[in-house]
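Asks: Sharing a structure below in structure tokens format, with a few things to ask.
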Amino acid sequence: MPFVFPEACPRCGSVLLKDEDEVAIKCININCEAQIVERLIHFVSKLAFDIDGLGEQNIKFFFDTGLIKSPPDIFLLESKNADIRLEKLEGWGKQSVQNLFDSINKARKISLDKFIYALGIPQVGRSVSKLVACFFRSYENFLKSVENKDIAGLLTMDGIGESILEDIEKFFENDNNKDVVKKLAGNGTDGVVTVLDMELPENNLFQNKTIVFTGTFENLSREDAKELAEKYGAKASSSVSAKTSFVVAGENAGKKLEQAQKLGINIISEQDFLELIKKI
Ligand SMILES: [Zn+2]
């Protein structure tokens, strides 16, 4: 008898996600109980929020006792302790409770890439979360873009394709997921954690440079190229002058290329431009 796949998660009822290229179907509700312990373990892991005092055992303990059901609960634990009195529970003492709170408090400041990684979005591992964070630069910009479903610009990042874009969109179509993000970091200043802006490396070649794009490009539209340069702190200009830092010339570049040659301005190809972006 052919197996009939469920359409909703048997545990939480969320609509299941089936990737065309994959066999598996997945529940992507961040609050799904069947997955929540594993997600919490990922959330506090070394490359995410890195909360030492919350190992696998402790996560399971807090989940079973109902004290941590969702990531934001971790950061509310201390303020609730007057009622909970953790130090009175078996296996805990005054010092171990204090150590736990200290390690949670240390994790309240987190970089945008680690924050995104911690959410556990399918296909968004360490390297992709870095690309996403580099693209959006600040939590506020990231939140605004996912809320407005305006994230297609991510495709300009080498390493992010349609399928990853879709997983990110699907993740934020789930109200529970959005709720968790908002409870964690609020609108930027009113959450239980602070997400730090991504800083550009100091030797970033594009910082404060004026770039002119001319001609037709093979991989990027002109608009995408400009957007990409701006992400890295450059200014895209439409005319060549002595102030132009360099010109990126594609096929059939005409007058602007000639002008750049006359003025002795550095001229690079689209390929060179993409290589430079990759090195940042
Ligand atoms: Zn579920």
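None of the figures in this text is laboratory data; all of them are computed from the coordinates on show. Please read these numbers as outputs of a predicted model, since none were measured by experiment. Cβ placement follows ideal geometry from the backbone for every residue including glycine, while neighbour counts extend to all protein chains displayed.
Asks: Would you kindly derive the ³J(HN,Hα) couplings of region 165-176 from the backbone phi angles with the Karplus curve 6.51 cos²θ - 1.76 cosθ + 1.60 (θ = phi - 60°), listing them in order in whole Hz, with x for Gly and Pro?
Replies: 4, 5, 5, 5, 4, 4, 4, 8, 6, 7, 4, 4
Asks: Write down the Å³ per residue value for the convex hull defined by the alpha carbon atoms of region 1-80.
Replies: Working: hull volume 10.1 nm³, N = 80.
Spread over its residues, the Cα hull of region 1-80 gives 126 Å³ apiece.
Asks: Considering the convex hull of the alpha carbon atoms of region 175-280, report its projected area averaged over all viewing directions, in nm², one decimal.
Replies: In nm², the orientation-averaged hull projection of region 175-280 is 8.9.
Asks: Stretch ILE84-SER269 to full length: gain in nm at 0.36 nm per residue minus the Cα-Cα span?
Replies: 60.3 nm
Asks: Exposure proxy check: ARG137, ARG11 ranked by fewest other beta carbons within 10 Å?
Replies: The fewest-first ordering by Cβ neighbours comes to ARG11, ARG137.
Asks: Follow-up question, since we're still on this one. 5 Å is the cut-off here: which amide hydrogens, built 1.01 Å from N in the peptide plane, fall below it relative to VAL192, excluding neighbours closer than 5 in sequence?
Replies: ALA185, GLY186
Asks: Please report, in whole Å³, the volume per residue of the convex hull around the C-alpha atoms of region 1-143.
Replies: Taking the convex hull of the Cα positions in region 1-143, it is 142 Å³ per residue.
Asks: If you count, for each residue, the other Cβ atoms within 10 Å and average over each peptide, how do 89-98, 207-216, 256-265 line up from highest to lowest?
Replies: For the peptides 89-98, 207-216, 256-265, the packing ranking is 207-216, 256-265, 89-98.
Asks: Please work out how much length the chain gains when fully extended from LEU76 to GLU227, using 0.36 nm per residue of separation minus the C-alpha to C-alpha distance, in nm with one decimal.
Replies: On the way: separation 151, 0.36 × 151 = 54.36 nm, distance 3.90 nm.
Contour length minus the Cα-Cα distance gives 50.5 nm.
Asks: What are the extents of the Cα atoms of the chain along their three principal axes, listed from largest to smallest and rounded to whole Å?
Replies: 79, 57, 26
Asks: List the pairs from LYS182/LYS279; LYS149/LYS278; LYS255/LYS278; LYS144/LYS182; LYS209/LYS256; LYS18/LYS60 whose alpha-carbon separation is above 23 Å, in the order I gave them.
Replies: Check vs 23 Å cut-off fails for LYS182/LYS279; LYS149/LYS278; LYS255/LYS278; LYS18/LYS60.
Asks: Okay, next question. Give the residues of region 60-79 whose amide nitrogen is closer than 13 Å to a point set 7 Å from the Cα of VAL37 in the direction of its Cβ.
Replies: Label zone hits: 60-66.
Asks: Once you place label points 7 Å from the Cα toward the Cβ at SER245 and ASN99, how far apart are they in nm?
Replies: If labels sit at SER245 and ASN99, their model points lie 4.9 nm apart.
Asks: Also, I was wondering about something else. At a 10 Å Cβ-Cβ cut-off, how would you order THR65, THR194, fewest neighbours first?
Replies: Working: THR65 11, THR194 14.
Least crowded to most crowded, the residues run THR65, THR194.
Asks: Using 7 Å Cα-to-Cβ label points, what is the ASN148/TRP92 separation (nm, one decimal)?
Replies: Inter-label distance under the simple model: 4.3 nm.
Asks: Could you give the size of the charge dipole of region 210-279 about its Cα centre, using +1 on the Cβ of each K and R and -1 on the Cβ of each D and E, expressed in debye and rounded to the nearest 20?
Replies: Rounded to the nearest 20 debye, it is 340 debye.
Asks: Using the Cα centre as the reference, give the magnitude of the dipole from point charges on the C-beta atoms of the chain (Lys, Arg: +1; Asp, Glu: -1; all else neutral), rounded to the nearest 20 debye.
Replies: 860 debye
Asks: Counting other beta carbons within 10 Å of each residue's own, what order do ARG126, ARG222 fall into, fewest first?
Replies: Exposure proxy ranking, most exposed first: ARG126, ARG222.
Asks: Can you tell me the relative contact order of the chain? Whole percent, Cα pairs under 8 Å, sequence separation 6 or more. Numbers along the way, then the final one.
Replies: Numbers: 369 pairs, mean separation 38.2, N = 280.
Worked out over the chain, it gives 14 percent.
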